[in-house]
Amino acid sequence: MSTDTLIADRLEIADLFTRFARLLDEERVKDLDTVFTDDVAVHSPRGGELRGIDKVLGFMRQAEVEGQHTQHTTTDLLVDVDGDQATASANSIVYYYRDGQAPHFTGGLRQYYTAVRTPAGWRIREVRIMPAWTREN
């Protein structure tokens, strides 16, 4: 694999983290197929183990809290590309707030992803979300 291809793949995979966070923050869960494969597996304390994009979408719609918004920040991204598959990890801080108010809850997360190259570009096939800490503000 050429250096240019490796760099392009790493950038596209890094963009998946940002696109997923923005999708959540902008409450566009209907666009999950732009970041996940159809057979995605999501492991998180809130949802347990969810398999398939329809299950993930259903859970996310059910978990919405009216008037509550989020702001995700992602740091310390590491990406390892191996052909058409990659692993990635990052730390994330999520702020939960209501319009015009300071956050009422904040959480630090560790995220572990498996991404695959698809005809539509890189997509997340599996994600493990693990809380590191929480704080009620």
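Here, each number is a calculation from the coordinates, and none is a lab measurement. Please read all numbers here as calculations on a predicted model, not as lab measurements. Reconstructed Cβ throughout: ideal geometry from the backbone, glycine too, with neighbour counts over all protein chains shown.
When the label point is put 7 Å from the Cα of R98 along its Cα-to-beta-carbon vector, which residues of segment 44-73 have a backbone N closer than 13 Å? What the label zone holds, given the 13 Å backbone N cut-off, is 65-69. For segment 11-53, no residue has its backbone nitrogen under 11 Å from a point 7 Å from the Cα of D80, taken along Cα to Cβ. For the chain, what does the helix formula give at 222 nm: sum of -39500 (n - 2.57) over DSSP H segments with n ≥ 4, over the residue count, nearest 500 deg cm²/dmol? Computed mean residue ellipticity for the chain: -8500 deg cm²/dmol. When each of S89, S2 is scored by the number of other beta-carbon atoms lying within 10 Å, the sequence from fewest to most is S2, S89. For segment 44-137, the list of trypsin sites (Lys or Arg not before Pro) that fall in a loop by DSSP and count at most 12 other C-beta atoms within 10 angstrom reads R46. Out of every Cα pair in the chain, what percent are spaced more than 24 Å from each other? Tail of the P(r) past 24 Å holds 29 percent of the pairs. As a length-normalised measure over Cα pairs under 8 Å and 6 or more apart, the relative contact order of the chain settles at 24 percent.
On a full-extension model of 0.36 nm per residue, what is the gain between R128 and T87, subtracting their alpha-carbon distance, rounded to one decimal in nm?
On the way: separation 41, 0.36 × 41 = 14.76 nm, distance 1.14 nm.
This chain segment gains 13.6 nm when fully extended.
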